[in-house]
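The values are calculated or read from the model by the stated rules, or taken from the named source; none is laboratory data. Please read all numbers here as calculations on a predicted model, not as lab measurements. With ideal geometry, Cβ positions are generated from the backbone for all residues, glycine too; neighbour counts draw on all protein chains shown.
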């Protein structure tokens, strides 16, 4: 009887390597600047940051329009300074957010590649197990046929 090519567990491990945690590998390979960009992206894109900016803007505008005139530090139309500051914040944050998103996308690609590799390894292991089971079925059938012939 000719047996199909079966892969041993050692062959599968050699061909695909061991399992890696791509999250840890990605964090280890980031430069300090990229870590800062990711930190900014994660924190600026949060409700906490939005709440702080919204509250500060509301407080600034309320104080400078509703407070007694002598206590206003930026009365109308001088609150244009706040508009300038908010535009500067946006101009500075947008590139950092884009850099962080690019880094997160790169991490997702690495994760997807690793998952694909693991799926290939799993498929090979499953095929090997199925081939072993088919072989065993054939052997069991032959044994049963011999037993039936010997009983007759």
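Kindly indicate whether residue 75 is over 30 Å from residue 41 (Cβ atoms) and modelled with pLDDT under 80. Answer is yes for this residue. Scanning the stretch 135-152 for residues that are under 30 Å from residue 14 (Cβ atoms) and free of Cβ contacts under 8 Å to residues at least 60 places away in the same chain yields a total of 3. Of all residues in the stretch 5-42, those satisfying the criterion of being modelled with pLDDT under 70 and outside any loop (DSSP other than H, G, I, E, B) are 9, 10, 12, 13, 16.
Taken over the stretch 116-134, the residue count meeting the criterion of being within 30 Å of residue 27 (Cα to Cα), free of Cβ contacts under 8 Å to residues at least 60 places away in the same chain and surrounded by 11 or more Cβ atoms within 10 Å (Cβ to Cβ) is 1. Counting the residues of the stretch 46-102 that are assigned to a helix (DSSP H, G or I), exposed (fewer than 12 other Cβ atoms within 10 Å of the Cβ) and over 44 Å from the mean Cα position of the chain (by Cα) gives 4.
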